[in-house]
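Q: Have a look at the structure that comes next, please.
The values are calculated or read from the model by the stated rules, or taken from the named source; none is laboratory data. Computed from a predicted structure; not experimentally measured. FYI the Cβ positions are ideal-geometry reconstructions off the backbone, even for glycines, and counts take in every protein chain you see.
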């Protein structure tokens, strides 16, 4: 009996070793129509998310699939997972609400990257566990989060919230309320305040660029690093030391809070 058991085990090991371990790749394209302002929610455990503006009433979704090897013959193969996603992409639409990436969590060793075109009049909530965000030209606001990866926002209007566990955040052409937080990484924000701005990083520099005549209430703090006011500003308030500045810039206005545990702050 022992010899038979060893023989069966040997066959199984040979079969596993003979199975190709190369990763598999695939893709899918979907076109959807929407009437009125769009709410878009997109998430992926691993993979990048890129969103840009397109024509009104039209949504184009392109997905790229990458599947690593599974334990064959005890489970499905990588190519099986790829074909399953290609034939049934994780996309759901209910009226003007589209959700992407909500029904692919039962797959193992699979990442999906998304390239999405939406009407500019869209509100976006996007999340990736590991991967970058690139979002541009949206006029109703953005919530973006990444466990590990950078976030880049361009010409986004409306309220913006960007959170990264580890990675830099860069946003230009903003107009609205703003909240940015990263555990480790730099922050760059450029635009016009129409509400409160809060920028915080545990470790990294902060750079802020506002219109020349901007007025705001400044609360800046750095645990290790200096605060540099790169242009002439009439600051009315308290300079505690080189690590703390609070008070009104110009005639004052919305609160601008910038805080870093380790790194400098520059305001232009």
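Q: Hey, does the stretch 14-24 have a residue that's at pLDDT below 95, under 17 Å from residue 68 (Cβ atoms), assigned to a strand (DSSP E or B) and assigned by TED's automatic domain parsing to the domain that holds residue 88?
A: Yes, the stretch 14-24 contains a residue that is at pLDDT below 95, under 17 Å from residue 68 (Cβ atoms), assigned to a strand (DSSP E or B) and assigned by TED's automatic domain parsing to the domain that holds residue 88.
Q: Here is a follow-up. With the checklist (1) surrounded by 19 or more Cβ atoms within 10 Å (Cβ to Cβ); (2) within 13 Å of the chain's Cα centre (by Cα) in hand, flag the one item residue 136 doesn't pass.
A: Of everything listed in (1) surrounded by 19 or more Cβ atoms within 10 Å (Cβ to Cβ); (2) within 13 Å of the chain's Cα centre (by Cα), residue 136 misses just condition (1).
Q: If you scan the stretch 180-205, which residues turn out to be assigned to a strand (DSSP E or B) and either more than 18 Å from the chain's Cα centre (by Cα) or surrounded by fewer than 22 Cβ atoms within 10 Å (Cβ to Cβ) (or both)?
A: 181, 188, 190, 191, 192, 193, 194, 195, 196, 197, 198, 200
Q: Would you check if there is a residue in the stretch 110-120 being part of a loop (DSSP other than H, G, I, E, B), in the same structural domain as residue 33 (by TED's automatic domain parsing) and at pLDDT below 95?
A: No; the residues of the stretch 110-120 include none that is part of a loop (DSSP other than H, G, I, E, B), in the same structural domain as residue 33 (by TED's automatic domain parsing) and at pLDDT below 95.
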